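Working notes, beginning with the structure itself.
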Amino acid sequence: MLTQRQHQLLKFIHGYLSDHGVPPSFEEMRAALKLKSKSGIHRLIMGLEERGYIRRLAYRARALEVLRMPANWSAHNVGEPAAAPTNVVQGHFGARPDPAGEEGATVRLPLYGRIAAGTPIESLRDHNTQIDVPPHLLGTGDHYALEVVGDSMIEAGIHDGDIVVIQRSDLADNGDIVVALIDDGEVTLKRLRSKGGTIALEAANPEYETRIFGSNRVKVQGRLIGLMRRY
């Protein structure tokens with residue numbers, strides 16, 4: 001799900017890139033959204049990157065790449081606040097739903113159980129429980145859902161009790177939030193950093209330490225691509 005501010009910033013970045021060929025500066029983004037400080041822009045950028053809409057390119061100044069746009073975006077009125085967006089969740093399991101189907105259709109994903117966003121716990125493989133998710137921005141491959149337990153990813157916008165949608169994969173890029181299997185017995189949701197023969201699993205909460213393992217001890221079980229929250 002994109003917030004109104006995230007949606008507005010994404011449209012501004014997309015329009016600026018189209019007009020100028022380079023991304024806007026943080027100051028230009030701050031001015032466009034009429035925020036008081038650039039720290040607010042930094043948080044919005046992190047949120048968009050977490051959700052797979054943009055990518056920051058390493059070792060380059062002002063380097064942002066727009067990867068995709070929301071299903072309900074419009075190229076017009078780029079600088080104006082966007083209407084409140086609908087939940088944006090990629091995912092399907094089994095047959096791919098017809099995008100032209102009736103409004104309000106959902107996709108049923110297996111809800112495998114609870115995954116720790118704090119201390120790792122063993123994933124509960126309950127194949128009999130399923131959950132309905134919106135079929136926006138359908139991708140390819142298999143997907144499943146997990147309920148988050150804990151607060152170690154709270155600064156990435158992932159809260160205790162959230163439902164995360166995972167694209168099944170054994171590969172991930174540096175910086176991806178992944179379901180990681182540790183020593184074939186523990187499962188956790190963390191940001192992955194790989195360097196040489198080691199893998200770091202980073203929390204998004206300063207109360208939690210980064211855990212570092214040999215690459216042979218960690219297996220990627222899937223990549224975070226969506227999130228659902230009950231209010």
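Please treat every number below as a calculation from the coordinates, not as lab data. The structure displayed is predicted, hence computed values, not measured ones. With ideal geometry, Cβ positions are generated from the backbone for all residues, glycine too; neighbour counts draw on all protein chains shown.
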Original post:
Full extension from SER39 to SER194: what is 0.36 nm times the residue separation minus their Cα-Cα distance, to one decimal in nm?
Top reply: 53.1 nm
**OP:** Mind checking the stretch 139-231 for GluC sites (Glu not before Pro) that DSSP puts in a loop (not H, G, I, E or B) and that have at most 15 other Cβ atoms within 10 Å?
**Re:** GLU207, GLU209
Original post:
So how many Å³ per residue does the convex hull of the Cα atoms of the stretch 4-66 work out to?
Top reply: 77 Å³
**OP:** Please give the length that would be gained between ARG56 and GLU155 if that part of the chain were fully extended, namely 0.36 nm times their separation in residues minus their C-alpha to C-alpha distance (nm, one decimal).
**Re:** 33.9 nm
Subject >> Formal net charge of residues neighbouring GLY157 (Cβ-Cβ distance under 10 Å; K, R +1; D, E -1) >> reply: 0
Original post:
Counting other C-beta atoms within 10 Å, which of LEU48, LEU171 has the fewest, and how do the rest follow?
Top reply: LEU171, LEU48
Subject >> Cα-centred dipole magnitude for the stretch 4-66, charges only on beta-carbon of K, R (+1) and D, E (-1), debye, nearest 20 >> reply: 240 debye
